[in-house]
Each structure stands twice: as structure tokens, then as C-alpha cells.
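The values are calculated or read from the model by the stated rules, or taken from the named source; none is laboratory data. Just so you know, these numbers come straight off a predicted model, no measurement behind them. Cβ placement follows ideal geometry from the backbone for every residue including glycine, while neighbour counts extend to all protein chains displayed.
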Amino acid sequence: MRIVLGVSGGVAAYKAVLLLRLLREQGHAVRVVPTASALRFVGAPTWEALSGEPATDQVFEDVEHVPHVALGKGADLVVVRRRRPTCSRGRRPGAPTTC
């Protein structure tokens, strides 16, 4: 299966590395599209080494060929690993969380 894995920053980036590894071990082709924030947590060389594909947050850099649209059209599945909003705002101290 061809999978596009979108990744945001924070803990989600670290967890997405494990998800990427597991997907690759199952034989899936995975293309990672990290945000700039995700790249501050886990660098492009890590994503590229684990996926075997280029990883960049600049999906609009080659607008003539519209690569961000081609990614979605060529994928069988698109997964977005993001930070849970409840983890970043308004949580009271000591409250349980599943982040």
C-alpha cells in the first residue's frame, strides 16, 4: 500500500517515527510530509532514512508540477499524526491525559 504520513511537531513527531517504522516493516511504501515544527523535533535525514523517500515541509516549492496534489492522488491511504489539542491548552494540573 502507498501511504502518505503527515506529521506535526511535538510528541506526535516522535510517535510518528515508530508508526513509520512499523508501516515499512509491513511492506508499505510511505512518503512523509512533516511540518516545519515536526522537522525541529525529528530531522529530515531520519524521515528519509526510514522511509526511503525524500521528506520536506515545502510541498509548494515546485508549483509547476503540483507535487502536493500528486502525493494525495498516488496514495492508497493518507494518515495525519498530529498533536492532540487537549495536550497543549487548558489542561488543569494533575488531570489525567492520554497524550
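Numbers for the structure displayed
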read-out: Output for the stretch 23-38, where each listed residue is free of Cβ contacts under 8 Å to residues at least 40 places away in the same chain and within 9 Å of the chain's Cα centre (by Cα); value: 32, 33, 34, 35, 38
read-out: Filter result (aliphatic (A, V, I, L, M) and touching a Ser or Thr at 6+ places or on another chain (Cβ under 6 Å)) within the stretch 21-49; value: 30, 32, 38
read-out: Meets criteria (touching a residue at least 60 places away in the same chain (Cβ under 8 Å), among the basic types (Lys, Arg) and in contact with a helix residue (DSSP H, G or I) (Cβ under 7 Å, 6 or more places away or on another chain)) for residue 2; value: yes
read-out: Subset of the stretch 34-58 (residues that are of a type in the set (A, V, I, L, M), surrounded by 20 or more Cβ atoms within 10 Å (Cβ to Cβ) and either touching a Leu at 6+ places or on another chain (Cβ under 9 Å) or under 16 Å from residue 78 (Cα atoms) (or both)); value: 55
read-out: Listing of strands (runs of 3 or more DSSP E) fully contained in the stretch 1-91 that carry 1 or more residues being at pLDDT 90 or above and of a type in the set (Gly, Ala, Ser); value: 29-34
